[in-house]
Structure formats: C-alpha cells, structure tokens
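The values are calculated or read from the model by the stated rules, or taken from the named source; none is laboratory data. Quick caveat: nothing in here was measured; it's all calculated off a predicted structure. Cβ sites come from the backbone with ideal geometry, for glycine too, and all protein chains shown count toward neighbours. Accessible surface areas use protein heavy atoms only, side chains included; no ligands, DNA or RNA. Shrake-Rupley method; radii C 1.70, N 1.55, O 1.52, S 1.80 Å.
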Amino acid sequence: ARRFGLLAPDDEFGRRLAAALRARMPALGLAAPVVVLHPRIGDSAAAARDLATQAGPEGLDAVLLGLGGERARAAAAALATALPTPARLLGTSLWAQDPVVAREPALADAWFPGPDPATRAGFDQRYQAAFGDRPPRLAGVAYDAAALASRAAREGQDAPVGQPMLGADGPIRLAPEGLAQHGLALFAVDPSGEPRLVQPAPIPGSPGS
C-alpha cells in the first residue's frame, strides 16, 4: 500500500488518528494521507464519498476508518462503490469489541489491531479467579503499570526501559520517553462474527513491529 486515506469523526480521537497518520507516512517514505474528518453525528457515507473524490482517479490503496458500528458499515459500503479500485480497509482496536462490523459485506477481511488473544485470556482467567468477576478493559492497563513499577523498584528505575515484558494484553516495552509501546495482534473481520487472527502480536521494537 502506497496511498493511504483516513475517515474519522472530527473529535479528539479522530484528530489524534490524523496527526499520527500524517507523522507516520513521511517516516515510511510515503505521500501524505488523504484525510476527511466529519462531524460526529454527520453522514459517514457522504464523508466516504468525499474522501474518494479527494483521492482522485488514482484512488487509495488503504483506508483507515476511525469509526465503529453502523457508521463504519455505511462508510465501507460507500467506499466500495466510490473508489475506482477496492482499498484495503483498516480499523482500530475498538473493532475487537464491535460485533456490528462483521455484518457488513464490504468490511469482510478488513484488518484491525487487538490484544493478543491467548495472553488476554490468561489474564482474564487469573483476574476472575482472584476477584470472582471478569476484568474491565482498563484493568489490563493498571496491571501493566503496576508490573513496570514493581520491576523498577526491584531492579532500579531504569531497569524496565527498553526491555520487553509480557503484559495483560501481550508484549509491552517502556520507551525512553516514558510511553508504553504495546505489541498488538492483527485480525481480520470475519462474517462469522469471530475475528480471524492474521498475525500474532510482535515484540515492540523488534524488526517489522
């Protein structure tokens, strides 16, 4: 894929997606993405057609949809007819908990990132055994933060920096600037309703991650 597009709501989430994509494309030697941000309650199908118009006759190789549910379905269906050639559709990790996207034929085989299923299942089982209930999604973030802090206390404050470790959702790595990098698995939308694993979670910082 050489030409990327983004369709997302004009809110903090969408603007962060746009900023990240605009920063990443030059680093990969690719042209700036075509970005359309639309009002949160706006017509996502019309916004998708606008994206296709802005892309021009060359079209797009891949389109990231910062949308979920029925809005993602409407946008994908519109892109299927508006773009001159089919684009690889991409979603966000929010799709992992969104059964609606599987009901749209235009989203079949669309890719999205998500937590490593085997690692997360193990964390869920340990949490349920300890507390008698399924953990909320944010419990994994708290677990990872506590694990990093515990390692720093044992081995020194710089010990966790740059060293991969297994977190609640898969491999994580603490970058020197203080951000936690997460290795996420790659999934494909499957009409069965169960996401299909395409690629296991890589270790952050490793080649190809």
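Filter the stretch 101-118 for residues that are open to solvent by 30 Å² or more (accessible area, probe 1.4 Å) and in a helix (DSSP H, G or I); which is farthest from PRO191 (Cα to Cα)?
Only one residue tops the list, namely ALA118.
Checking GLY5 against (1) among the small types (Gly, Ala, Ser); (2) open to solvent by less than 30 Å² (accessible area, probe 1.4 Å); (3) assigned to a helix (DSSP H, G or I): exactly one of these is not met. Which one?
(3)
Looking at GLY183, GLY140, can you tell me which residue is touching a residue at least 60 places away in the same chain (Cβ under 8 Å) and surrounded by 11 or more Cβ atoms within 10 Å (Cβ to Cβ)?
Going through GLY183, GLY140 in turn, the sole match is GLY183.
One residue is enough: does the stretch 69-77 have a residue meeting the conditions over 20 Å from ALA106 (Cβ atoms), among the aliphatic types (A, V, I, L, M) and either crowded, with 22+ Cβ neighbours inside 10 Å or modelled with pLDDT of 95 or more (or both)?
no
Residues of the stretch 56-75 being among the small types (Gly, Ala, Ser) and either over 21 Å from ARG16 (Cα atoms) or in a loop (DSSP other than H, G, I, E, B) (or both), which ones?
If the condition is that a residue be among the small types (Gly, Ala, Ser) and either over 21 Å from ARG16 (Cα atoms) or in a loop (DSSP other than H, G, I, E, B) (or both), then GLY56, GLY59, GLY66, GLY68, ALA74 are the ones that fit.
Output the qualifying pairs, or none if there are none: Cβ atoms under 7 angstrom, residues six or more apart or on different chains, first residue in the stretch 1-24 and touching a residue at least 12 places away in the same chain (Cβ under 8 Å) and within 14 Å of ALA62 (Cβ to Cβ), second residue β-branched (Val, Ile, Thr) and in a strand (DSSP E or B).
Listed pairs, sorted by first residue: GLY5/VAL34; GLY5/VAL63; LEU6/VAL35; LEU7/VAL36; LEU7/VAL63.
What are the pairs with Cβ atoms under 6 angstrom where one residue, in the stretch 99-115, is over 13 Å from SER192 (Cα atoms) and the other, located anywhere, is part of a helix (DSSP H, G or I)? Sequence gap at least six, or different chains.
Hits for this filter: ALA106/ALA76; ALA106/ALA77; ALA106/ALA80; PHE112/TRP95; PRO113/SER93; GLY114/SER93; GLY114/ALA96.
Name the residues in the stretch 125-137 that are within 26 Å of the chain's Cα centre (by Cα) and open to solvent by less than 70 Å² (accessible area, probe 1.4 Å), would you?
If the condition is that a residue be within 26 Å of the chain's Cα centre (by Cα) and open to solvent by less than 70 Å² (accessible area, probe 1.4 Å), then TYR127, PRO135 are the ones that fit.
What tally of residues in the stretch 140-175 results from selecting those that are in contact with an Asp or Glu (Cβ under 9 Å, 6 or more places away or on another chain) and either farther than 17 Å from ALA201 by Cβ or part of a loop (DSSP other than H, G, I, E, B) (or both)?
Summing the residues that are in contact with an Asp or Glu (Cβ under 9 Å, 6 or more places away or on another chain) and either farther than 17 Å from ALA201 by Cβ or part of a loop (DSSP other than H, G, I, E, B) (or both) in the stretch 140-175 gives 3.
Which residue is nearest to PHE131 (Cα to Cα), if the candidates are limited to the stretch 143-162 and must be of a type in the set (A, V, I, L, M) and open to solvent by 40 Å² or more (accessible area, probe 1.4 Å)?
In this case the residue turns out to be ALA146.
Please indicate, with yes or no, whether at least one residue in the stretch 163-174 is free of Cβ contacts under 8 Å to residues at least 60 places away in the same chain, surrounded by fewer than 18 Cβ atoms within 10 Å (Cβ to Cβ) and among the basic types (Lys, Arg).
The answer is no, given that none of the residues of the stretch 163-174 is free of Cβ contacts under 8 Å to residues at least 60 places away in the same chain, surrounded by fewer than 18 Cβ atoms within 10 Å (Cβ to Cβ) and among the basic types (Lys, Arg).
Can you say whether LEU28 is over 14 Å from LEU89 (Cβ atoms), modelled with pLDDT of 95 or more and of a type outside the set (Asp, Glu), as far as the supplied structure shows?
The answer is no for LEU28.
Among the numbered criteria (1) open to solvent by 30 Å² or more (accessible area, probe 1.4 Å); (2) within 12 Å of ALA8 (Cα to Cα), which single criterion is violated by ARG88?
(2)
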